Amino acid sequence: YEKVFETCDLIAGPVSPTPAFKIGEKTADPLQMYLTDIYTVAINLVGIPGISVPCGASPSGLPIGLQLLGRPFDEPTILRAAYAVEQAQESDTGN
């Protein structure tokens with residue numbers, strides 16, 4: 001991550017490998033539930049700030065999340081970017 005942040009301010013990526021699932025849908029399969037968190041585990045281990053914001057919906061209407069990761073102690077940058085994403089979503093939906 002240090003190497004990447006030498007040339008960029010943020011890393012943007014998915015929050016999970018699939019769109020959200022309905023409540024209780026995957027409780028019978030703990031491995032599937034674990035795998036939905038796979039993209040968020042590394043930032044906790046590395047200790048960099050991150051935020052998740054909604055960025056759309058699946059064809060079935062379930063939310064899709066965008067994860068923004070920033071340099072250590074650079075929360076202002078990710079908060080500004082998250083706000084910009086949210087404003088863009090509102091302008092797209094007319095809200």
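The values are calculated or read from the model by the stated rules, or taken from the named source; none is laboratory data. All values reported here derive from a predicted model rather than from experimental measurement. Positions of Cβ are backbone-derived with ideal geometry, glycine not excepted, and every protein chain shown enters the neighbour counts. All accessible areas refer to the heavy atoms of the entire protein, side chains included, with ligands and DNA or RNA removed. Shrake-Rupley method; radii C 1.70, N 1.55, O 1.52, S 1.80 Å.
So the values come out like this:
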item: Odd one out for Pro19, checked against (1) over 16 Å from the mean Cα position of the chain (by Cα); (2) surrounded by 16 or more Cβ atoms within 10 Å (Cβ to Cβ); result: (1)
item: Residue, farthest from the chain's Cα centre (by Cα), within region 22-47, restricted to residues that are open to solvent by 70 Å² or more (accessible area, probe 1.4 Å) and touching a residue at least 24 places away in the same chain (Cβ under 8 Å); result: Lys22
item: Positions within region 59-86 being touching a strand residue (DSSP E or B) at 6+ places or on another chain (Cβ under 6 Å) and open to solvent by less than 50 Å² (accessible area, probe 1.4 Å), in sequence order; result: Gly65, Leu66, Gln67, Leu68, Leu69, Gly70, Thr77, Ile78, Ala81, Ala82, Val85
